[in-house]
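Have a look at the structure below, then the notes.
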Amino acid sequence: MRIDLHTHSNVSDGTDTPAELVVAARDAGLDVVALTDHDTFDGLDRAVAAGHEHGVEVVRGLELSCMRQGQSVHLLAFGADPEAAALAEEMVRVREGRTGRLRPVLDLLAGLGVPVTEEEVMAQVGSSPSVGRPHIADALVAAGWVADRTEAFDRFLADGGPAHVGRYAIEVAHGIDLVHAAGGVAVIAHPWGRGRAGLLPEAFLVELVEQHGLDGIEVDHQDHDAETRAELRALADRLGVLGTGSSDYHGTGKTDHDLGVNTTRPEVYDELRKRIRVAR
Ligand code: AMP
Ligand code: ZN
Ligand code: FE
Ligand code: FE
């Protein structure tokens with residue numbers, strides 16, 4: 001059994017349609033794939049239908065924009081009910097924050113001598129309800145200002161970069177509660193990737209487990225080196241929570257994130273599946 005629990009389609013900032021992603025998962029030899037688009041459930045029905053057609057088990061996922069101390073934390077949710085009102089209302093707020101951030105970012109980019117218009121960005125967003133920095137990066141690429149998404153992030157868009165603008169996100173403890181109220185399972189994505197180790201120290205993760213029932217942490221992720229993975233695996237065991245693995249696939253939008261590059265152990269997936277509840 002090969003299981004990949006974190007991927008993105010073009011319903012957020014990946015480049016494959018949900019159906020294309022499922023076909024790519026089959027071609028990569030995956031048995032199970034979770035679609036976890038940023039702050040939207042819109043691709044899930046299409047992915048599940050494609051899964052039935054192509055013999056891939058599709059898990060209904062989500063990557064929810066959360067924060068701690070004003071800094072970005074990503075929370076994976078599995079099996080959360082899209083109809084659960086409290087979560088849905090917060091997700092609207094998050095998506096509005098994504099859209100509202102666009103204008104100030106474009107003003108900063110213009111000031112830095114790399115102007116792109118809102119129309120150019122929206123052409124990259126397409127029908128995605130979740131406007132992301134990768135779409136702005138794609139507009140910079142299309143305009144010829146940078147070679148690829150990586151250069152756009154490195155020079156302008158990365159957290160703390162010269163064109164970075166914060167946006168609304170959900171306090172992570174509250175995000176976990178909302179996911180649980182929607183019947184879902186909550187797993188912190190890439191907890192110690194990209195300098196987040198200081199933001200999410202062990203003591204805080206313990207608090208999330210003990211007080212909010214956090215279900216797991218992502219261990220095997222491309223943003224974690226071998227030493228970090230070993231530490232997180234040991235931590236997950238100590239805390240008695242799930243330690244997951246995934247590609248965080250974005251289609252052609254991210255290199256070194258091929259489907260199945262990291263996977264989740266079948267025993268871990270079994271336990272995760274058991275924890276998915278009917279929304280309460
Ligand atoms: P946003 O959702 O607008 O906050 O943008 C965050 C997304 O940008 C994440 O999902 C990442 O996949 C992507 N991202 C972050 N850093 C980079 C980078 N250095 N290169 C390419 N993509 C990145
Ligand atoms: Zn993304
Ligand atoms: Fe993420
Ligand atoms: Fe992701």
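The values are calculated or read from the model by the stated rules, or taken from the named source; none is laboratory data. Because the structure is predicted, anything quoted here is derived from the model rather than measured. We place every Cβ from the backbone using ideal geometry, glycine too, and count neighbours over all the protein chains shown. Remember, those area values only see protein heavy atoms, side chains included, never the ligands or the DNA or RNA. Shrake-Rupley method; radii C 1.70, N 1.55, O 1.52, S 1.80 Å.
Identify, please: which residue in the stretch 171-207 is closer than 18 Å to residue 82 by Cβ and part of a helix (DSSP H, G or I) and is, among those, nearest to ligand 2 (Cβ to nearest atom)? This residue is 175. Restricted to the stretch 69-89, and to residues there that are under 16 Å from the mean Cα position of the chain (by Cα) and open to solvent by 10 Å² or more (accessible area, probe 1.4 Å), the residue that is nearest to residue 250 (Cα to Cα) is 74.
Per-residue answers, yes or no, for (1) open to solvent by 10 Å² or more (accessible area, probe 1.4 Å); (2) within 16 Å of ligand 4 (Cβ to nearest atom); (3) within 20 Å of residue 11 (Cβ to Cβ); (4) free of Cβ contacts under 8 Å to residues at least 40 places away in the same chain:
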position	(1), (2), (3), (4)
104	yes, no, no, no
111	yes, no, no, yes
120	yes, no, no, yes
132	no, yes, yes, no
139	no, no, yes, yes
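Residues checked against (1) away from ligand 2 (no atom under 16 Å from the Cβ); (2) in contact (Cβ under 8 Å) with a residue 40 or more places away in the chain:
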{"site": "26", "(1), (2)": "yes, no"}
{"site": "29", "(1), (2)": "yes, yes"}
{"site": "35", "(1), (2)": "no, no"}
{"site": "40", "(1), (2)": "no, yes"}
{"site": "45", "(1), (2)": "yes, no"}
{"site": "54", "(1), (2)": "yes, no"}
{"site": "58", "(1), (2)": "yes, no"}
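For the stretch 42-68, taking the residues that are within 16 Å of ligand 1 (Cβ to nearest atom) and open to solvent by less than 30 Å² (accessible area, probe 1.4 Å), the one that is farthest from the chain's Cα centre (by Cα) is identified as 43. Taken together, 72, 65 contain a single residue that is within 16 Å of ligand 2 (Cβ to nearest atom), in the same structural domain as residue 213 (by TED's automatic domain parsing) and either without any contact (Cβ under 8 Å) to a residue 24 or more places away in the chain or over 19 Å from residue 42 (Cα atoms) (or both), which is 72.
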